[in-house]
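What follows is one structure encoded as structure tokens, with my remarks underneath.
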Amino acid sequence: MTGSQAVRRDGRRLALLLAVVVGASFFASRVLTAGSQVRVRSIELPTRSGQWLVADLYRPLSATAEKPAPFVAVVPGFQRSKEALANVALELARRGFVVACLDPYAQGRSSASTSRRSATSEGYGLFALLEYVTATPNLDYVDRSRVGATGHSAGGNAVIAAASHFGKEAARREKPSRLHSAFVSGYVLSFTAEMLAPVRSNVGTSYAFHDEGAYRNEFGNGDMRRAPEALRLVRSGPRGEPEQNEVELGRYYGSAADGTLRVVHNERTLHPFQPYDFEAMANQLEFFERAMGSPNPLPPADQIWHWRELAGLLALVASLAALVPAGRLLLRVPAFAPLVHEVPAAPPRPQGLARSLSRGAIALGAVLACVTYVPMAELSQRLFTAASGREMTWFFPQRMNNAVMLWAVLNGGLGFGIFFAVHRLRARLGAAQSEGWGGATSRGELARTFGLALLLFALYYLLLAAVYAAFHADYRFLFMGVRPFQPELLLLLALYAPFFFVFFLSNSLRVNAAMRFEGEPEWRSLLRAGLANSAGLLLIVVVQYGAFAATGRVFWTESWLYVNLLFAVVPMMFALPLFNRWFFRATGRIYLGPMVTCLVFVMMLITNTVIYLPL
């Protein structure tokens, strides 16, 4: 293929992928706004002690000053931003509710909190939001007598804390509670007598039967039929009824008119997937219909949120894939053309003992990745005590990312060690070919390579900024996505990326020097590389849920949130070798791939992870 043909090919591919990104984002926006029947915009609310709260406000066109609509606040859980529960906001807005889906304190664009227990003491910012909504004359299209809230996981804790908080206030003021109705998803630890006694709101709850955190419940499982937490919730509602010894799931107890409505659901799903379960969504929608009334009633099963998720997945994949043709086109620019070298010849497929060594190295890497992850998570809590204690800090302020960073540094170093050890052993067998590494470079070339990586990173996030400005949609599928970032987060990128780069470079070396063989189909080589890179972390998930299926208790209990984080990390680990190979073929060197992917993937982690940064 001639140079001009290659340029035309890459240009066509880039144009097609960009068209997919824009088209999918436009479609996601149409779903999110219910075909332009709902207006969505971001708002920022100053709160106490110099804090601030950012939320997406969904206003149905049917909500006017003449016909004010009920209001529902949506609170995501730990590690989640407002986009992660946009599906809940969308479905409520379709039914005529005004909705504010907030970024909890220390997550997304909201500020960190001065409290170490912000979910309980401030409702992740929910208290301030409800105070504003019920007191301001600005939201004249909101019926302030019908204000509700819903949240998942730690967001559910925030919601029941708000119900208790405003119940106490209502008793002091001898008025109805500001919070008319509350729905708690995925959290029952706060259903204590002390928390529930002051509640003057209608309350519904959904708890996953297979919730990984259920070992913390009083009976140690997720069955809500006889759970003391569920019984206390039901008993906190209607007065004068016989005391319940077993909860009838799905039954509505009490009355919405006097704030005693209670209902318990127990869907058979996992904790992280509960917000994306059709049955759980229907149960939540039915609760708000019964408790507050829907201006635009729709059957609970009438749901369209999944189309936004599929469109977001398409935009996510297309946006990442666009990095490759964009990089190849930029390599034609004179400033970056010197980075292009002949791709080293692939070594012949190893035979005999050399083949066993290669397979053993892959297996060893996977095992080490598996057995070191949880210990590194535990070590991170001892090394980074401020972030682990939810204190604001400039020193590695991301509690969950700190664990992944330590794991990446360790396994990147181990990966280098395994590679060079196997190389030496293969050399003794006459099977090593160092000329196939693509490692030869210079300081000037590395600087130029980094400049190209920075340019691709900037173009990637500039495109996202433009898409978000036009459609209010990021690249997202469920809880995995690419969010627009604030410029100040570049500081965190500079802090974390050098440590992560150890792993990314190690991966590029192994993928291109140890998993590429002469005459082998490229798809097979890439499949092997993707599986090898993700197998260790995937094995953790298998062990965790294999134990859960067999015993009803997850293998790692105290670290279960770190294991749940892998649902988003494992797909990244599978995709990483693909990009490292594609950029290797474009440059003949192992450096551009890890530089680009490290910048993009680490920024993805940073913008989707809780941050205790004093800003």
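The values are calculated or read from the model by the stated rules, or taken from the named source; none is laboratory data. What you see is a predicted model, and the numbers here were worked out from it, not measured in a lab. A quick note on method: Cβ atoms are made from the backbone with ideal geometry, for glycine too, and the neighbour counts reach across all protein chains shown.
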Condition check for Phe567: crowded, with 20+ Cβ neighbours inside 10 Å, touching a residue at least 12 places away in the same chain (Cβ under 8 Å) and either closer than 30 Å to Gly438 by Cβ or touching a strand residue (DSSP E or B) at 6+ places or on another chain (Cβ under 8 Å) (or both): no
Matching residues in the stretch 38-56 - criterion: being in contact with a helix residue (DSSP H, G or I) (Cβ under 8 Å, 6 or more places away or on another chain) and of a type in the set (D, E, K, R): Arg48, Asp56
Condition broken by Ala473, with the remaining ones in (1) in a loop (DSSP other than H, G, I, E, B); (2) of a type outside the set (Asp, Glu); (3) surrounded by fewer than 17 Cβ atoms within 10 Å (Cβ to Cβ); (4) touching a residue at least 12 places away in the same chain (Cβ under 8 Å) satisfied: (3)
Contacts under 8 angstrom Cβ, first residue in the stretch 156-182 being assigned by TED's automatic domain parsing to the domain that holds Ser255 and closer than 16 Å to Leu261 by Cβ, partner surrounded by fewer than 24 Cβ atoms within 10 Å (Cβ to Cβ) and among the polar types (S, T, N, Q), 6 or more apart: Ile160/Ser190; Pro176/Ser145; His180/Ser145
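Conditions tested, residue by residue: (1) exposed (fewer than 15 other Cβ atoms within 10 Å of the Cβ); (2) farther than 30 Å from Glu522 by Cα; (3) not hydrophobic (A, V, I, L, M, F, W, C).
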position: Leu339; (1), (2), (3): no, no, no
position: Ser358; (1), (2), (3): no, no, yes
position: Pro375; (1), (2), (3): yes, yes, yes
position: Leu379; (1), (2), (3): no, yes, no
position: Met392; (1), (2), (3): no, yes, no
Any hit, the stretch 96-109, residues being surrounded by 24 or more Cβ atoms within 10 Å (Cβ to Cβ), over 21 Å from the mean Cα position of the chain (by Cα), under 20 Å from His306 (Cα atoms) and not aliphatic (A, V, I, L, M): yes
Subset of the stretch 31-49 (residues that are of a type in the set (A, V, I, L, M) and either within 30 Å of Pro325 (Cα to Cα) or assigned to a helix (DSSP H, G or I) (or both)): Val31, Leu32
Lone unmet requirement of (1) farther than 18 Å from Ile540 by Cβ; (2) of a type in the set (Phe, Trp, Tyr); (3) under 17 Å from the mean Cα position of the chain (by Cα) for Tyr591: (3)
Sole exception among (1) in a helix (DSSP H, G or I); (2) modelled with pLDDT of 80 or more; (3) buried (at least 18 other Cβ atoms within 10 Å of the Cβ) for Arg426, by number: (2)
Residue within the stretch 398-419 that is modelled with pLDDT under 85, under 29 Å from the mean Cα position of the chain (by Cα) and not in a helix (DSSP H, G or I) present: yes
Given (1) in a loop (DSSP other than H, G, I, E, B); (2) crowded, with 23+ Cβ neighbours inside 10 Å, index of the condition Ala28 fails: (1)
Qualifying position, being surrounded by 19 or more Cβ atoms within 10 Å (Cβ to Cβ) and in the same structural domain as Arg359 (by TED's automatic domain parsing), among Leu478, Leu527, Leu492: Leu492
Considering residues of the stretch 453-511 that are touching a strand residue (DSSP E or B) at 6+ places or on another chain (Cβ under 9 Å) and among the hydrophobic types (A, V, I, L, M, F, W, C) only, the residue farthest from Ala106 (Cα to Cα): Val467
Tally of residues being surrounded by 13 or more Cβ atoms within 10 Å (Cβ to Cβ) and outside any helix (DSSP H, G or I) across the stretch 227-240: 4
Failed item, numbered, when Glu520 is tested on (1) surrounded by fewer than 19 Cβ atoms within 10 Å (Cβ to Cβ); (2) in contact with a strand residue (DSSP E or B) (Cβ under 6 Å, 6 or more places away or on another chain): (2)
Residue ranges of helices (runs of 4 or more DSSP H) in the stretch 553-615 with at least 1 members in contact with a helix residue (DSSP H, G or I) (Cβ under 6 Å, 6 or more places away or on another chain) and either under 28 Å from Val340 (Cβ atoms) or at pLDDT 85 or above (or both): 566-587, 592-607
All positions within the stretch 22-53 that are under 21 Å from the mean Cα position of the chain (by Cα) and at pLDDT below 90: Leu53
